[in-house]
1. Suppose we filter the stretch 65-101 for residues that are in a helix (DSSP H, G or I), out of contact with any strand residue (DSSP E or B) (no Cβ under 8 Å at 6 or more places or on another chain) and in contact (Cβ under 8 Å) with a residue 60 or more places away in the chain; how many remain?
2. Can you give me the number of residues within the stretch 1-38 that are assigned to a strand (DSSP E or B) and either within 15 Å of residue 190 (Cβ to Cβ) or touching a helix residue (DSSP H, G or I) at 6+ places or on another chain (Cβ under 8 Å) (or both)?
Ligand SMILES: Nc1ncnc2c1ncn2[C@@H]1O[C@H](COP(=O)(O)OP(=O)(O)O)[C@@H](O)[C@H]1O
Ligand SMILES: [Mg+2]
């Protein structure tokens, strides 16, 4: 089975920002979640894998292909949905996808129409295919972006923060679409939204400040926190004191009350145990690295 292997990948921008710092990752077939806050280096990594940007050092292989050198070979196998996916507002979905299909090498009109029609149906845009892209909602636009990324039956699909800005209904629809793709291909999904990963991904990595902080199976990562996450409602005025005293990994509002989650091997006193979630994995990993 196809595997993407990244070793020691580093990138410093001319302004001195070290966006990637010795990134090592093994990404097998299936849905892989790359989770990290804004500025973590996700888009830099995605653009590098998509052969749109050079790394300073390191190596990447996709099966037998040297990704950093054999760019044309990668591009033939690649579907990419960039974070900023601009569309021409006054062109219909159908016409635009046709145009992308021509660029992908589908020269003959007959077979091209078959592919385009099938994709429009697959991403559930068939009924609106004659509408201009400018009239599309965020979710419809992202589904169009996936259709364009699926042209040419790619074996490596990279989607960069595709759910940012989608409303909950649109996000569910988009998740379902992604979940259908994931067989026999590598899908790398970058996101800062923990739920994207818990809903979709059987493997994940957490990245921050250009470094991989953890990678592996999200379910196992949650299990490793068993018995170590403690929760307490805290009056807002006491929050600062609690943060000084304990390893607070998150604070969140539930029905107007502030709940803090603390990572500790035993009850820190006055807390109740809670079963960990992927959010706890994420925040405790970021907390440890800070
Ligand atoms: N073209 C660029 N020139 C200079 N700095 C950049 C450039 N692109 C990104 N950066 C910086 O590199 C870091 C990582 O950015 P990015 O890869 O976009 O992270 P993410 O996608 O996780 O938000 C950030 O500090 C960002 O400001
Ligand atoms: Mg980004």
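The values are calculated or read from the model by the stated rules, or taken from the named source; none is laboratory data. Predicted model, so just to flag it, every value in this text is computed and none were measured. Every residue, glycine among them, receives a Cβ derived from its backbone with ideal geometry; neighbour counts consider all protein chains shown.
1. 1
2. Initial filter on the stretch 1-38 (assigned to a strand (DSSP E or B)): 3-12, 18-28, 30-35.
Pick out the ones that are also either within 15 Å of residue 190 (Cβ to Cβ) or touching a helix residue (DSSP H, G or I) at 6+ places or on another chain (Cβ under 8 Å) (or both) and you get 4, 6, 9, 11, 19-20, 23, 25, 27, 31-35.
Within the stretch 1-38, residues that are assigned to a strand (DSSP E or B) and either within 15 Å of residue 190 (Cβ to Cβ) or touching a helix residue (DSSP H, G or I) at 6+ places or on another chain (Cβ under 8 Å) (or both) number 14.
Conditions (1) out of contact with any strand residue (DSSP E or B) (no Cβ under 8 Å at 6 or more places or on another chain); (2) at pLDDT 95 or above; (3) surrounded by 12 or more Cβ atoms within 10 Å (Cβ to Cβ), marked per residue:
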residue	(1), (2), (3)
216	no, yes, yes
230	no, yes, yes
239	no, no, yes
259	no, no, yes
266	yes, no, no
